[in-house]
Structure formats: structure tokens, C-alpha cells
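The values are calculated or read from the model by the stated rules, or taken from the named source; none is laboratory data. Note that the structure is predicted; figures quoted are calculated from it, not measured. All Cβ positions, glycine included, derive from the backbone under ideal geometry; neighbour counts span all protein chains shown.
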Amino acid sequence: MSPAHRILTPVAAPAHADAPERGGIHAWHAAPKTVADTGIDTSILVALAMKAAYLHRNVTLTQLAETLRLPAAVLNEIAALAVRERMMEVAHRGANDLDVRFRLTDGGYARAAEFVARCSYVGPAPVTLQAYVEAVQQHSIKHTSVSKADVTAALRDLTIPPSLLDEAGVALNAGRALMMYGPAGSGKTYLAQRLGSLLPGAVPVPHAIAVAGEIIQVFDPMVHVPFEASEGQMARRPLDRRWTICHRPAVLSGGELTLSMLDLRYDPASGFYQAPPHMKANNGIYIVDDLGRQIVGVTELLNRWIVPLDRGVDMFTLQTGVRFTVPFDVWPVFSTNLEPGQLCDDAFLRRLGCKLFVGPLNTEDYREVYARAGHDLGLHTPPAVADYLVESLHPAGGMPLLACIPRDLLLLVASKVHYHGDPPVVTEEALRQAWHSYFGSYADAGAEYPPTVAMGWKGKPLAAT
């Protein structure tokens, strides 16, 4: 079996899985041949076609196909209905079936304007909620697993204790949430983002779904990365182009996260919905960074996730009052600078799954991070200067060997080198000045820079970032 074929084969579901199949072919595998095959109400499809035509007044069948991502046969059926209703008319018909141009009638133009005012979504036709649920279930993150070799290969460029990587891999295989905690700057966020590369396979993502006549946009080009494969059976298979085959998504929410962001976002101006971040992350990893720093309290935030974490489903409500459920199928990863006990009680901690402490590096790993950062920035880093950083600046400043510090300091050194046109060599003086600029404090004991002044805040611990 070729790799391309394996990409399109759904992850094998357990015997008790209740995801339905349509004649053994999943919704994203075969293109619809008729309007009925789309599962979408005809009025939605006609409105989409008319809105596409509204943009140009005249539209070709090829333009409709590229916009709605539907086969010509289905579009001809939609257009025929609009023509019968005297909303559209055939402006040109050429020698082949694709050489057709439609235009809106005067009445159709006015009707299309109403459609645009009500809902401005013009793009790939939506899929049904049932098809979306089936796709998520068939590619569930719970059906994935990784080995130590997989983790080592995916994260081989990281300088990190192997035990941390092992614990992260075990958490993924267990299907449990992962909480990473430790001091600010220890690399928790970077590690969490890199964990997404552990997730194997590819998943089908619909551009939008239709629920009770409303359109919910799911595909997000900032989140969903299409799987590039143009050879083999992937190129020949007649995929439903309303779906895009993507890498498993990795979505991050930080301190800006609010409760409202975890619900459907309806824009009255556009007239359609955007899926919340954890729905866009389905079949992938959802990272909540800086847990405990959000505007909303941790207890409120976690209360919102009790049902999704326990039952694997989430419930949403449309503006019309219609309620529906979708799978909550993500690997949740939480990152915090706080001690787990400061965040919530034992019941919540249990739901947060595995706990992983990400702390300062040992001296050898810290030097490795420093050397890699210097190489990446094109700087020569003499060993004696690295000794000065580790043995003088850090002890004098009382700063632990955090993973973020070497690159941040060397970025400042590189910036100064480029500004003054100096040789790309890291010196003790350059590193000391970068340290002072970075921390806003002076750590080099015995030196005369900066001038001694009375500063009431000197000696106070640095604020957490």
C-alpha cells in the first residue's frame, strides 16, 4: 500500500465505534454526483451560487466549481433550479459542458443582494453536521499512538532531558490531558507547540458545516495546513473538494482566552459563524498557554471544560436557539507558570491528566542551547564567554539556567553587531550589556556600569512573564 493511500485511509476505529458509513465510502472520499448527495438543503446551495454570481453579475460554470468546490453535474442541477425560478439565465453555452456562462436576472440580482445582506459567506459549500462528526470520529486523536523512536525522531533537534519527552509521549498514548508547569522562560510553550509534530497521519477538514440552515466556518488557513501530496492514489481519488486533507492541527490560546471565545462566534455583519479554537483543533492538539493568567478565572474556565474533558463532546447553541453537539476530540495541553495546587482543587487536577515539570536546564544542556543559538545567528561564541555567562552573570543575577535566555541575549548581541558593523564575535562586554538590557538590572559584580543610583526597586524579584 502506497504512503498516499495510507494518508486517506481513516484511522481504524475500535469495534464499538458508532460512526456510520455510507455504503462503505466515507463522506470525504467521494464527490457528490447530485444535490441530494451533498446532504445540504437546496436553498442553501442556490443562495451560494447566486451570491457567487452576484460578485461578477456573470459567472462561468468553472468559476462556480472553484468557488463552491462542487462538481459540474451538481452545479448544473443547482443552476437549472435557479433558471426555472427566473433568478439566473444562460448567457453563453459553448461546445463542451463546462463552457457555460450564467448571469443573474434583474429579479435574481435583487434576490442575491438580499442573500448577501443576510449572510455574506461565499465559498466552498458546507457539509452536513453528521458528515463532520463521522470524520472526526474516524480520525480520532484517541486512535493514535507514538513510540519512543517516534518522539526521538520528531524532537531530535530539541535540547531537553529525555525523561520529559518520554512522559509527554506516554501522556499522548494514554489519551489524557497534559499539564506542563514550571518557571517562565523554561520552554513550556515552545515544547507544547512542538508536541504537535508527534501526531501522526492526516485528517479531512471541511471548509464549513451547515446546522439548521446556518453556516459555521471550520477551516482556518492559520490553523489547518493542507497535506501536500500530488502523486499516487491521492491525486486520482475523486475527493469531495468541500474537504481539505490536512496535517493534524495544533491550536494555541493564551492569556487572551475568554469564555466567549469557547463558543461559536457569530458576526452579525457577515451573518455566519466561526468555529471556536478547540473545535478547529479537533483531531489535533489544543494548547492553553499561561493557564491562570487569563482574564477569566481558572475555576470558570475549567468548569466550562468539565463535560468536554469527561465525555468527549461539546455543546453549542445557535442564535436561533438550536442546540447541537460536536466531538471534543483534542489532545489538551495546558501550560502554566504556577504550581498545579495554586490553580484548582484535586478534582480539577485529576481531569487535567498528566503533570510534567519543565524547569531550568542543567549546565551542559544550557551550554548546548547557547551554542546552537549562536550558530543560528551567525555569531562566533568563544567558550570563555559562555563560561562568563554561566559562571558569572547567572550567579550574580540569581537567575536559573532557563532555556529562553541564551537566544534572547544573543539576539541583542547580534542586533548590536549589525548596527555598529562589528565582527560577529560574542564578547563578555557585549553579553554583559545584553544582560543588562534584557533584565533591566545589573548582574556583573564589581563593574561600574551602569552608574550607581538609588533605585527603590533594586533587589526585588523580577515579575513573572
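Of all the listed residues (Ala135, Ala131), the sole one being buried (at least 20 other Cβ atoms within 10 Å of the Cβ), in contact with a Gly (Cβ under 7 Å, 6 or more places away or on another chain) and assigned to a helix (DSSP H, G or I) is Ala131. If you go through the stretch 380-405 and pick out every residue that is within 29 Å of Lys188 (Cβ to Cβ) and either small (Gly, Ala, Ser) or in contact with a Gly (Cβ under 8 Å, 6 or more places away or on another chain) (or both), you end up with 11. Taken as a whole, the structure leaves Ala95 outside the set of residues that are out of contact with any Lys or Arg (no Cβ under 9 Å at 6 or more places or on another chain), free of Cβ contacts under 8 Å to residues at least 12 places away in the same chain, over 16 Å from Ile215 (Cα atoms) and in a helix (DSSP H, G or I). When the stretch 374-386 is filtered for residues that are buried (at least 17 other Cβ atoms within 10 Å of the Cβ) and either β-branched (Val, Ile, Thr) or assigned to a helix (DSSP H, G or I) (or both), the ones remaining, listed by number, are Gly374, Thr381, Val385, Ala386. Within the stretch 157-186, the set of residues being closer than 27 Å to Asp329 by Cα, part of a loop (DSSP other than H, G, I, E, B) and within 22 Å of the chain's Cα centre (by Cα) comprises Gly175, Arg176, Ala177.
Out of Val116, Val59, one residue alone is outside the structural domain of Pro204 (by TED's automatic domain parsing), outside any helix (DSSP H, G or I) and within 21 Å of Arg242 (Cα to Cα). It is Val59. In the stretch 69-77 there is no residue matching the filter, namely being farther than 21 Å from Gly39 by Cβ and in contact (Cβ under 8 Å) with a residue 40 or more places away in the chain. Checking each residue of the stretch 211-228 against the condition of being surrounded by fewer than 18 Cβ atoms within 10 Å (Cβ to Cβ), out of contact with any strand residue (DSSP E or B) (no Cβ under 7 Å at 6 or more places or on another chain) and at pLDDT below 90 gives at least one match.
Taking the conditions exactly as written (over 18 Å from Tyr181 (Cβ atoms), within 25 Å of the chain's Cα centre (by Cα) and modelled with pLDDT under 95), does Val307 satisfy them or not? The answer is yes for Val307.
Yes/no matrix, rows are residues, columns are (1) among the hydroxyl-bearing types (Ser, Thr, Tyr); (2) assigned to a loop (DSSP other than H, G, I, E, B); (3) at pLDDT below 95; (4) touching an Asp or Glu at 6+ places or on another chain (Cβ under 8 Å):
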position	(1), (2), (3), (4)
Val369	no, no, yes, no
Arg372	no, no, yes, no
Ala396	no, no, yes, yes
Leu410	no, no, no, no
Val413	no, no, no, no
Ala447	no, yes, yes, no
Pro450	no, yes, yes, no
Val453	no, yes, yes, no
Trp457	no, yes, yes, no
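Just for the stretch 153-199: of the residues that are in contact with a helix residue (DSSP H, G or I) (Cβ under 7 Å, 6 or more places away or on another chain) and without any contact (Cβ under 8 Å) to a residue 24 or more places away in the chain, which one is surrounded by the fewest Cβ atoms within 10 Å (Cβ to Cβ)? If we take residues in the stretch 153-199 being in contact with a helix residue (DSSP H, G or I) (Cβ under 7 Å, 6 or more places away or on another chain) and without any contact (Cβ under 8 Å) to a residue 24 or more places away in the chain, then Asp166 is surrounded by the fewest Cβ atoms within 10 Å (Cβ to Cβ).
Residue-wise test of (1) surrounded by fewer than 18 Cβ atoms within 10 Å (Cβ to Cβ); (2) without any contact (Cβ under 8 Å) to a residue 40 or more places away in the chain; (3) in a loop (DSSP other than H, G, I, E, B); (4) among the small types (Gly, Ala, Ser).
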{"residue": "Arg350", "(1), (2), (3), (4)": "yes, yes, no, no"}
{"residue": "Leu361", "(1), (2), (3), (4)": "no, no, yes, no"}
{"residue": "Tyr388", "(1), (2), (3), (4)": "no, no, no, no"}
{"residue": "Leu401", "(1), (2), (3), (4)": "no, no, yes, no"}
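Answer yes or no: is there a residue in the stretch 22-35 that is modelled with pLDDT of 55 or more and not in a loop (DSSP other than H, G, I, E, B). Yes: one or more hits. Residue count for the stretch 315-348, restricted to those that are among the aliphatic types (A, V, I, L, M), part of a strand (DSSP E or B) and surrounded by 18 or more Cβ atoms within 10 Å (Cβ to Cβ): 3. The criterion of at least 2 residues that are touching a residue at least 40 places away in the same chain (Cβ under 8 Å) and either crowded, with 21+ Cβ neighbours inside 10 Å or in the same structural domain as Gln137 (by TED's automatic domain parsing) (or both) is met, among strands (runs of 3 or more DSSP E) falling completely within the stretch 248-314, by 250-253, 272-274, 284-288.
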